[in-house]
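Down below is the structure, laid out as structure tokens.
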């Protein structure tokens, strides 16, 4: 069986009729029907039940459809990988990360990148938002990940939003809120807060205080920290509470997560690149990132 027949079959399923599938595949309706019938004869089972107004998948057809999509996807990936290897990309790709968010989705992308470009040198550095922003501007790294409001806007910097973070409040399991499912923004006025410092992210810091003001209170800051691990340790020790993105959290001992509602606190996680850098590995990496997400 050739791939063209599989593509015809997938088109017939996804467009709901042989006629529409034929139009999309630029063949006649007769040719489409003949190709599907030929597939069924070759497979020795029916793909479609034709007794109704429109053909519907048989049970065997449903199973074959899912497998066919995977076959086509694997084939396309194999072609892209072979092309990449044939192009012989080499050199270095310098990636800056800011914390635990990237550690949840980057490993899969990096693994594929290394497999597709074994000759390329991959350099990773983990720094604060502020330092990464300086490095991307000065062409010391090719790509960085971080919060949108921490990436300095310059003509040469291209920013792509990956997702809008879901914010939550984290408290110790011995905190009075340890059994709450949700908390409102203005309730935080009575709590001691642990936040990231200006050193970690000056714009984050400014935005935090502004959001508290819009929520109707002046925050009671217990401590400003320079890294994620210190924040988690202080919260788990019941020294205070913190607002953080759900995406950065893993199963931490002694931590309870509460949904944050009706608040002006917000966060967008982004990737930035320096457009002045003509490194082809940047485009290769971004292609893999988009395919993975």
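I'd like the full set of residues that are in contact (Cβ under 8 Å) with a residue 12 or more places away in the chain and surrounded by fewer than 20 Cβ atoms within 10 Å (Cβ to Cβ), limited to region 180-189.
Step one: filter region 180-189 for residues in contact (Cβ under 8 Å) with a residue 12 or more places away in the chain, giving 180-186, 188-189.
Passing the criteria: 180, 181, 182, 184, 186, 189.
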Name every residue in region 1-18 that is within 19 Å of residue 53 (Cβ to Cβ), loosely packed, with under 15 Cβ neighbours inside 10 Å and either outside the structural domain of residue 38 (by TED's automatic domain parsing) or free of Cβ contacts under 8 Å to residues at least 24 places away in the same chain (or both), in order of residue number. 14
Would you confirm whether any residue within region 267-281 is over 25 Å from the mean Cα position of the chain (by Cα) and within 25 Å of residue 173 (Cβ to Cβ)? no
When region 113-152 is examined, which residues are found to be touching a strand residue (DSSP E or B) at 6+ places or on another chain (Cβ under 8 Å), surrounded by fewer than 16 Cβ atoms within 10 Å (Cβ to Cβ), part of a loop (DSSP other than H, G, I, E, B) and at negative phi? 140
Could you check residue 224 against (1) free of Cβ contacts under 8 Å to residues at least 40 places away in the same chain; (2) over 24 Å from the mean Cα position of the chain (by Cα); (3) assigned by TED's automatic domain parsing to the domain that holds residue 127 and say which number it fails? (3)
Please work out which residue is nearest to residue 229 (Cα to Cα), limiting yourself to region 199-211 and to residues that are touching a helix residue (DSSP H, G or I) at 6+ places or on another chain (Cβ under 9 Å) and surrounded by 15 or more Cβ atoms within 10 Å (Cβ to Cβ). 200
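Just checking: which of the helices (runs of 4 or more DSSP H) contained wholly in region 1-60 hold 3 or more residues that are over 22 Å from residue 75 (Cβ atoms)?
Values: elements: 3-15, 18-25, 29-43.
Filter on region 1-60 gives 18-25, 29-43.
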Out of (1) out of contact with any helix residue (DSSP H, G or I) (no Cβ under 8 Å at 6 or more places or on another chain); (2) in the same structural domain as residue 286 (by TED's automatic domain parsing); (3) at negative phi, the one residue 180 does not meet is (2)
I'd like the full set of residues that are modelled with pLDDT under 80 and assigned to a helix (DSSP H, G or I), limited to region 87-104. 87, 103, 104
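The values are calculated or read from the model by the stated rules, or taken from the named source; none is laboratory data. Remember, it's a predicted structure, so these values are computed and weren't measured experimentally. Counting neighbours? That spans all protein chains shown, and the Cβs are built from the backbone with ideal geometry, glycine included.
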